[in-house]
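Dropping a structure here in structure tokens format, bear with me for questions.
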Amino acid sequence: MHSQLEKAKLFRALHERPGAFIIPNPWDAGTAKLLATMGFEALATTSLGLANMLGRVTVSREMILQNCRDIVEATELPVSVDLENCGADAPGAAAEAIRLAAEAGAVGGSIEDSTGNRQSPIYDFSLAVERVQAAVEVAKSLSFPFTLTARAENFLHGRTDLDDTIRRLQAFEAAGADVLYAPGLYDLATIRTVVSALKKPFNLVMGFADPTLTLDQLSAAGVKRISVGGALSRVALAAFLKCVREMKDLGTFSFVREMAPIKDLKAAFAAVKG
């Protein structure tokens, strides 16, 4: 069994070796175990996947942390937690989420500059930077190397200002963030522009990017980490809805031919911790 320190070092090493790596996003213990048996080297939680699982539009910080605990306990893999805006506006209160994530077993986590307020969706630049600085201070105070990811959320909220997004990422980098992240970037040229403006590792989420892009292309463009956010959850729900519509509208059940074999699921769940 790996200690949290060992997991943290393994996670850091993934960011330091050549090329990009994929960090998929389970939403519960079962999907975490399935991903672990597929050979992935680290996992990241998804607040959207969690919200979908719970049938909610939004989730609280405690819900996020409990989901993190469940996923951490399910496998031996390093886990990074999607903390959204860390559940608070004030830098000190937001940074507390980093300590709580560490206590939940995570070896990495994110802080974003999205407010959660539709009328004013992005924190002012100076406050956004102060929040990252506070999170960095907490991360560095921990007894293991917590990998802090800072996210610039402009593109998810209709603010397609690439210059401002790069400015924010560079400021987060200067504040001490270990990984930078700007969800909503779509094409390879834009991704290259962003990555080339940074010195720290960059995380690309494929839930919003051109789906024809490949691991090799993104690695060549300088991307270090590739996640999928809530995409796996949404694809699973799309399959669920397709089956439900067939039952309701046609009264047929042809979808049962596509069920995952029970023996395969039991073998996967038995093969990993938990």
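Tally up the residues in region 225-235 that are in contact (Cβ under 8 Å) with a residue 40 or more places away in the chain and either in a helix (DSSP H, G or I) or of a type in the set (S, T, N, Q) (or both), please.
Selection size over region 225-235: 5.
Every residue, every condition in (1) assigned to a helix (DSSP H, G or I); (2) under 20 Å from residue 34 (Cα atoms); (3) of a type in the set (Lys, Arg); (4) touching a residue at least 24 places away in the same chain (Cβ under 8 Å), yes or no:
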| site | (1), (2), (3), (4) |
| --- | --- |
| 200 | no, no, yes, yes |
| 204 | no, no, no, no |
| 217 | yes, no, no, yes |
| 223 | no, no, no, yes |
| 238 | yes, yes, no, no |
| 266 | yes, yes, yes, no |
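Additional query: Given the residues 84, 96, 76, which is the only one that is farther than 18 Å from residue 44 by Cα and either assigned to a helix (DSSP H, G or I) or in contact with a helix residue (DSSP H, G or I) (Cβ under 9 Å, 6 or more places away or on another chain) (or both)?
96
Could I ask something else about it? Quick check on residue 165: is it β-branched (Val, Ile, Thr), surrounded by fewer than 17 Cβ atoms within 10 Å (Cβ to Cβ) and either part of a loop (DSSP other than H, G, I, E, B) or in contact with a helix residue (DSSP H, G or I) (Cβ under 7 Å, 6 or more places away or on another chain) (or both)?
No.
Between a first residue in region 88-103 that is farther than 22 Å from residue 7 by Cβ and a second residue that is crowded, with 24+ Cβ neighbours inside 10 Å, which pairs have beta carbons less than 7 Å apart while being 6 or more apart in sequence or on different chains?
From residues that are farther than 22 Å from residue 7 by Cβ, the pairs are 88/94; 91/131; 94/86; 94/111; 94/131; 94/135.
Which one of 209, 220, 271, 231 is of a type in the set (Gly, Ala, Ser), modelled with pLDDT of 95 or more and surrounded by fewer than 18 Cβ atoms within 10 Å (Cβ to Cβ)?
On inspection, the qualifying residue turns out to be 220.
Can you find, within region 211-242, the residue that is farthest from residue 193 (Cα to Cα) among those that are small (Gly, Ala, Ser) and in contact with a helix residue (DSSP H, G or I) (Cβ under 7 Å, 6 or more places away or on another chain)?
Result: 233.
Here is a yes/no grid of residues against (1) buried (at least 24 other Cβ atoms within 10 Å of the Cβ); (2) at pLDDT below 95:
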site	(1), (2)
99	no, no
111	yes, no
117	no, yes
136	no, no
142	no, no
146	yes, no
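Quick one: is residue 57 modelled with pLDDT of 95 or more, on the phi < 0 side of the Ramachandran plot, part of a helix (DSSP H, G or I) and β-branched (Val, Ile, Thr)?
The answer is no for residue 57.
Looking only at region 148-162, which residues are in contact with a Phe, Trp or Tyr (Cβ under 6 Å, 6 or more places away or on another chain) and either of a type in the set (D, E, K, R) or surrounded by fewer than 21 Cβ atoms within 10 Å (Cβ to Cβ) (or both)? Spell out how you get there, then give the answer.
Going through region 148-162, the residues in contact with a Phe, Trp or Tyr (Cβ under 6 Å, 6 or more places away or on another chain) turn out to be 149-151.
151, the sole residue that qualifies.
Starting from residues that are of a type in the set (Lys, Arg) and over 19 Å from residue 42 (Cβ atoms), keep the ones in region 183-206 and report whichever is surrounded by the fewest Cβ atoms within 10 Å (Cβ to Cβ).
So, considering only residues that are of a type in the set (Lys, Arg) and over 19 Å from residue 42 (Cβ atoms), the one surrounded by the fewest Cβ atoms within 10 Å (Cβ to Cβ) is 199.
Pairs only if they're at least six apart or on different chains, beta carbon under 6 angstrom, first in region 118-133 and part of a loop (DSSP other than H, G, I, E, B), second β-branched (Val, Ile, Thr) and surrounded by 11 or more Cβ atoms within 10 Å (Cβ to Cβ); list them, first residue then second.
121/115; 123/115
The values are calculated or read from the model by the stated rules, or taken from the named source; none is laboratory data. All values derive from a computational prediction rather than experimental measurement. Note: ideal-geometry Cβ built from the backbone for every residue, glycine included; neighbour counts use all protein chains shown.
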